[in-house]
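Novice: Take a look at the following structure, please.
The values are calculated or read from the model by the stated rules, or taken from the named source; none is laboratory data. Note that the structure is predicted; figures quoted are calculated from it, not measured. Here the Cβ positions follow ideal geometry from the backbone for every residue, glycine too, while neighbour counts run over all protein chains shown.
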Amino acid sequence: MRTLLVCDQGPLAQELGAALQRLGLEVEHCERADEAVSAWETTPPALALVVLDDSPRARSELLRALQGLPGGEELVTIGVGRGLPDDGVAATLDDWLVLPLRRGETELRLGLATRLADRRRAGPATQETTPPSPAVRSGEADALSTAREADKAGGISRTLRALLRGLLPRPDGVAAPRPAEAAEAPGPVAIPMTPSPVATDTPPPLRVAGPSSAETAPAGAPDGLWDWDLLGHLVTFSPQVQALRGFAAEEVVTSEEEFFELVHPHDRESLRQAVAAHLDQRTLHFESEHRLRLQDGSYGWMLARGIAFRDAFGKAVRMVGSQGSLNRRTGLDPITGMYNRAYFLVRLARALEASRVPGCPPFAVLFFNLDRFKNVNYTLGHRVGDQLLAAVAGRLRDCLRVQDIEIASFVLGAHLGADEFAILHERIADTSDPINLAKRIQESLRQPFVIEGHELFVTTCIGIATSERPSGRPEDLLRDADAAAHQARALGRTTYAVFQESMHDDAAHVLRLENDLRRAVQRNEFRVYYQPIVLLSQGSISGFEALVRWQHPSGRLIMPVEFIPLAEEIGIITDIDHWVLNEVCRQLRVWETQFHRRPPLTVAVNLSGVEFQKPEIMTEIDRALRTHGIWGRNLKIEITESVIMEHARYAADMLAHLRALDIRLSIDDFGTGYSSLSYLKRFEIDLLKIDKSFVGRMDTDQDSEEIVRTIITLAKNLGKEVVAEGVERRRQLDQLVALGCMFGQGYFFSRPVDASAAGALLAEEARGLRILRP
């Protein structure tokens with residue numbers, strides 16, 4: 001059978017050509033309309049495929065022109081394009097293929113088209129040689145029904161089996177014979193490829209498929225098959241469908257009622273509507289995405305596609321089609337197996353549309369990301385990070401699955417990208433439902449994850465937004481949930497927050513702050529303040545801690561706690577750290593030249609966890625020292641104990657580089673992190689800084705005093721120096737001296753001051769005036 005393919009050169013033309021050749025058809029490929037007409041004049045084809053994506057109007061006119069040529073009345077025409085065609089285009093077609101193509105469905109439709117072409121070419125003579133029987137009068141559907149009744153096994157009819165075996169690709173890739181050649185195939189029958197027009201005052205509505213309808217399954221992986229007897233009210237599943245559901249691969253016959261019981265309660269109505277639209281001839285083919293109950297009691301998303309066969313009066317008597325699992329499609333995230341962002345937004349849009357119907361129960365969106373997840377990727381690699389994401393997704397699935405079935409039926413989880421997750425909780429009965437779900441998620445993540453021998457802890461803050469607040473777009477609800485998550489994060493780790501209107505103002509403030517922060521880096525609006533570190537035995541300044549401040553153009557001096565977390569989040573902390581490092585080295589050079597102190601003055605610079613994990617930080621530190629002519633012994637690098645433990649894999653190498661540059665390492669906020677002391681022996685750490693939360697209460701709280709005593713004793717035994725932060729009262733100083741603490745830092749000695757005031761303190765010392773006087 002000669003076939004005309006009108007399509008621009010490219011992968012689509014190759015795919016269509018290969019599908020036609022697998023059916024044993026002779027293919028003539030034309031890129032332009034004039035080529036198609038010339039090809040027709042040589043030998044009229046029996047089948048024409050025209051791709052209407054690029055220029056639907058011109059290609060539609062070409063179809064009409066071909067049908068008007070000699071022999072055109074016998075031509076079977078198939079259009080190919082995205083979505084469903086408009087009425088004008090559909091009127092010129094016998095069938096329509098939706099892009100992107102699915103191999104099993106494409107070859108099924110093309111095979112039926114060849115049957116129709118055979119029928120048209122045979123003409124009325126075929127009708128005369130065929131005995132007038134109910135199968136012929138009723139078309140293909142009645143023929144299949146008769147064949148099925150003859151099949152005593154009661155499964156999918158032998159005729160349908162032969163048809164599908166001939167049209168679906170074989171596992172070994174060898175083309176199967178055309179169904180007309182199959183021994184079990186019936187004689188020529190009428191196969192209506194285009195539904196009869198429906199008289200309506202307005203064009204019939206067309207169902208617009210979601211994004212996952214435009215995503216293909218792997219080539220050569222045919223879906224399972226189903227056969228729906230609309231007269232007998234029975235649905236037959238092929239073994240492949242049962243296998244998709246996790247059952248033994250065997251053919252199963254069930255009633256319509258039992259089948260709809262398998263469908264997720266929330267998807268039943270949309271499935272019935274899709275079926276009704278096709279049976280009422282408002283769509284060219286049936287298509288539905290719905291959840292189907294699996295063997296373990298959970299639900300899995302399925303994509304079902306099919307076509308109806310009608311009797312001589314146009315009544316649909318049977319539907320046949322394919323069914324595939326969306327787990328093989330890109331509608332799901334490949335790392336976690338959860339739905340991706342695009343699909344989640346589609347489902348959220350559906351829920352939003354449904355919520356506008358009076359009386360519809362509200363729904364909620366939960367949004368969260370994983371705290372410090374970037375540190376895992378940086379230190380352990382993206383492979384471990386991906387495995388952690390997959391493990392988190394597994395916990396989420398378990399968490400959702402153990403809920404009461406009436407609630408679990410309306411909960412959908414998604415991995416939005418990076419470390420972001422979202423949950424759609426539909427039909428909430430009480431405002432506490434999403435809050436309880438948030439608590440359950442946080443509890444499920446509490447236990448550590450073990451990935452490739454690494455014990456990883458995951459914490460998260462969850463934001464909740466409900467449909468009770470009017471919202472125009474699904475993105476707005478997701479944004480509200482994100483804003484609530486930011487608010488929860490501000491309250492502390494492992495918390496949740498429900499979106500309130502005031503959070504928009506907070507989000508707008510954060511956005512303005514982010515924009516100002518980016519400009520601050522370009523305009524050098526940061527300032528370094530210096531807080532003295534005092535040698536308690538002599539009352540003299542041994543050095544300073546460098547503390548960054550942001551001098552906002554409004555005149556406000558912004559503290560690090562307000563902008564450092566945001567700088568880390570938006571990725572400009574590196575620029576700030578580099579600027580502070582160079583400014584400290586420059587100022588150290590000024591003081592060294594001015595005061596010639598012995599032992600040399602030291603300045604401690606805080607290094608963020610983001611910077612510590614980057615190998616190039618050593619190059620930056622070395623460059624700063626050389627540029628300003630500073631010895632490494634003038635510099636101390638401060639990091640928190642949580643940072644060194646999170647990056648323990650690289651810490652030894654980093655510390656070796658610091659040693660090579662003669663730079664000392666200080667552990668900040670000691671006692672508040674992992675409470676693991678093994679790293680003090682494992683790594684060459686020079687100094688411990690006791691957190692101010694202990695020092696500030698040691699004169700009023702005995703437990704705090706004992707903690708400080710223990711840390712000082714531990715440091716002495718390990719040969720480490722100790723700095724007590726947060727000294728504010730004389731009694732605290734006396735206690736520290738009695739305990740043998742070497743250094744102190746706090747408001748009792750001096751607040752952080754700018755470089756000029758710090759230089760004045762050094763000048764006073766040079767004249768013999770100590771900062772700590774008797």
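Novice: Does any residue in segment 510-522 that is free of Cβ contacts under 8 Å to residues at least 12 places away in the same chain come within less than 8 Å, Cβ to Cβ, of a residue that is surrounded by fewer than 17 Cβ atoms within 10 Å (Cβ to Cβ) six or more places away or on a different chain, and which pairs are these?
Specialist: From segment 510-522, the pairs are R519/E525.
Novice: Right, another one. Just a yes or no: is a residue in segment 730-738 at pLDDT 90 or above, closer than 16 Å to I533 by Cα and of a type in the set (G, A, S)?
Specialist: No, segment 730-738 contains no residue that is at pLDDT 90 or above, closer than 16 Å to I533 by Cα and of a type in the set (G, A, S).
Novice: When only residues in segment 242-279 that are touching a residue at least 60 places away in the same chain (Cβ under 8 Å) and more than 26 Å from K315 (Cβ to Cβ) count, which is surrounded by the most Cβ atoms within 10 Å (Cβ to Cβ)?
Specialist: Filtering first and then ranking leaves L244.
Novice: Considering only segment 529-545, I want to know if a residue exists there that is part of a helix (DSSP H, G or I), under 46 Å from the mean Cα position of the chain (by Cα), surrounded by 15 or more Cβ atoms within 10 Å (Cβ to Cβ) and of a type in the set (F, W, Y).
Specialist: As a first pass, look at segment 529-545 and keep what is part of a helix (DSSP H, G or I): none.
There is no residue in segment 529-545 that is part of a helix (DSSP H, G or I), under 46 Å from the mean Cα position of the chain (by Cα), surrounded by 15 or more Cβ atoms within 10 Å (Cβ to Cβ) and of a type in the set (F, W, Y).
Novice: Continuing with this model, one more query. Are there any pairs with C-beta distances below 9 angstrom linking a residue in segment 621-647 that is at positive phi to a residue that is modelled with pLDDT of 90 or more and not hydrophobic (A, V, I, L, M, F, W, C), with the two at least 6 apart or on different chains, and if so which?
Specialist: Matching pairs, first to second residue: G629/R589; G629/E592.
Novice: Let me ask something else about it. Go through (1) modelled with pLDDT of 90 or more; (2) small (G, A, S); (3) under 19 Å from Q531 (Cβ atoms) for S666 and report which single condition fails.
Specialist: (1)
Novice: Ok, one more. Step by step: first the residues of segment 498-525, then only those that are at pLDDT 85 or above and crowded, with 19+ Cβ neighbours inside 10 Å, then the one that is farthest from S444 (Cα to Cα). Which residue is that?
Specialist: First, the residues of segment 498-525 that are at pLDDT 85 or above: 498-499, 515-525.
Those still in the list that are crowded, with 19+ Cβ neighbours inside 10 Å too: 498-499, 517, 520.
Working: V498: 20, F499: 23, L517: 36, A520: 41 Å.
It comes out as A520.
Novice: Is it the case, given these coordinates, that P334 is at pLDDT below 85, closer than 25 Å to P100 by Cα, surrounded by fewer than 20 Cβ atoms within 10 Å (Cβ to Cβ) and not assigned by TED's automatic domain parsing to the domain that holds L97?
Specialist: Details: at pLDDT below 85: yes; closer than 25 Å to P100 by Cα: yes; surrounded by fewer than 20 Cβ atoms within 10 Å (Cβ to Cβ): yes; not assigned by TED's automatic domain parsing to the domain that holds L97: yes.
Yes; evaluated as a whole, the condition is true for this residue.
Novice: Please enumerate the residues belonging to segment 19-41 that are of a type outside the set (A, V, I, L, M, F, W, C) and at pLDDT 80 or above. Reasoning before the result, please.
Specialist: In the first step, residues of segment 19-41 are kept if they are of a type outside the set (A, V, I, L, M, F, W, C); the result is 21-22, 24, 26, 28-29, 31-32, 34-35, 38, 41.
Q21, R22, G24, E26, E28, H29 - these are the residues of segment 19-41 that are of a type outside the set (A, V, I, L, M, F, W, C) and at pLDDT 80 or above.
Novice: Ok, one more. Name every residue in segment 472-497 that is in a loop (DSSP other than H, G, I, E, B) and at pLDDT 85 or above, in order of residue number. Let's see the steps before the verdict.
Specialist: Here is the first cut: in segment 472-497, the residues in a loop (DSSP other than H, G, I, E, B) are 472-473, 492-495.
Listed by number, the list holds a single entry, T495.
Here is a yes/no grid of residues against (1) among the β-branched types (V, I, T); (2) touching an Asp or Glu at 6+ places or on another chain (Cβ under 8 Å); (3) at positive phi:
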position: P361; (1), (2), (3): no, yes, no
position: N369; (1), (2), (3): no, yes, no
position: G381; (1), (2), (3): no, no, yes
position: A390; (1), (2), (3): no, no, no
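Novice: The conditions are (1) assigned to a loop (DSSP other than H, G, I, E, B); (2) over 24 Å from I639 (Cβ atoms), and I685 fails exactly one of them. Which is it?
Specialist: All conditions are met except number (2).
Novice: Does segment 572-585 include one or more residues that are over 30 Å from I771 (Cβ atoms), in the same structural domain as I617 (by TED's automatic domain parsing) and of a type in the set (A, V, I, L, M)? Working first, answer last.
Specialist: Here is the first cut: in segment 572-585, the residues over 30 Å from I771 (Cβ atoms) are 572-575, 578.
Remaining after also requiring in the same structural domain as I617 (by TED's automatic domain parsing): 572-575, 578.
Okay, now just the ones that are also of a type in the set (A, V, I, L, M), so 572-573.
Yes - at least one qualifying residue is present in segment 572-585.
Novice: Among residues belonging to segment 6-36 that are of a type in the set (A, V, I, L, M, F, W, C) and within 39 Å of the chain's Cα centre (by Cα), point out the one that is surrounded by the fewest Cβ atoms within 10 Å (Cβ to Cβ).
Specialist: Our first condition is that a residue be of a type in the set (A, V, I, L, M, F, W, C); within segment 6-36, this holds for 6-7, 12-13, 16, 18-20, 23, 25, 27, 30, 33, 36.
Now drop any that are not within 39 Å of the chain's Cα centre (by Cα), which leaves 6-7, 12-13, 16, 18-20.
On the way: V6: 24, C7: 22, L12: 16, A13: 18, L16: 23, A18: 13, A19: 23, L20: 23.
Among those that are of a type in the set (A, V, I, L, M, F, W, C) and within 39 Å of the chain's Cα centre (by Cα), it is A18.
Novice: Is there any pair linking a residue in segment 575-594 that is in a helix (DSSP H, G or I) to one that is among the basic types (K, R) and modelled with pLDDT of 95 or more, with Cβ under 7 Å and at least six apart or on different chains, and which?
Specialist: Pairs that qualify, where the first residue is in a helix (DSSP H, G or I) and the partner is among the basic types (K, R) and modelled with pLDDT of 95 or more: there are none.
Novice: Any idea which of Q447, Q442 is closer than 26 Å to G381 by Cβ, of a type outside the set (F, W, Y) and not in a strand (DSSP E or B)? Before you say what the answer is, go through the steps one by one.
Specialist: Details: Q442 fails: closer than 26 Å to G381 by Cβ.
Answer to the selection: Q447.
Novice: Take the residues of segment 732-751 that are farther than 18 Å from I707 by Cβ and free of Cβ contacts under 8 Å to residues at least 40 places away in the same chain: which is farthest from the chain's Cα centre (by Cα)? Full working, then the answer.
Specialist: The first filter runs over segment 732-751 and keeps only residues farther than 18 Å from I707 by Cβ, leaving 747-751.
When the remaining residues are screened for being free of Cβ contacts under 8 Å to residues at least 40 places away in the same chain, the result is 747-748.
Details: Y747: 47, F748: 51 Å.
So the residue we want is F748.
Novice: Shifting gears a bit: Being in the same structural domain as K636 (by TED's automatic domain parsing), in a helix (DSSP H, G or I) and closer than 28 Å to R586 by Cα narrows it down to one of S704, S750, S693, S756, so name that one.
Specialist: Working: S704 fails: closer than 28 Å to R586 by Cα; S750 fails: in a helix (DSSP H, G or I); S693 fails: closer than 28 Å to R586 by Cα.
Just one listed residue meets the conditions, S756.
Novice: Across segment 556-574, which residue is farthest from the chain's Cα centre (by Cα) among those that are farther than 20 Å from P752 by Cβ and in a loop (DSSP other than H, G, I, E, B)?
Specialist: I572
Novice: Scan segment 711-745 residue by residue and report those that are part of a strand (DSSP E or B) and either of a type outside the set (S, T, N, Q) or touching a His at 6+ places or on another chain (Cβ under 8 Å) (or both).
Specialist: So in segment 711-745, the residues part of a strand (DSSP E or B) come out as 721-725, 743-745.
Of everything in segment 711-745, those that are part of a strand (DSSP E or B) and either of a type outside the set (S, T, N, Q) or touching a His at 6+ places or on another chain (Cβ under 8 Å) (or both) turn out to be E721, V722, V723, A724, E725, F743, G744.
Novice: If you go through segment 305-312 one residue at a time, do you hit one that is surrounded by fewer than 16 Cβ atoms within 10 Å (Cβ to Cβ) and modelled with pLDDT under 80?
Specialist: As a first pass, look at segment 305-312 and keep what is surrounded by fewer than 16 Cβ atoms within 10 Å (Cβ to Cβ): 312.
From what's left, modelled with pLDDT under 80: 312.
Within segment 305-312, one or more residues are surrounded by fewer than 16 Cβ atoms within 10 Å (Cβ to Cβ) and modelled with pLDDT under 80.
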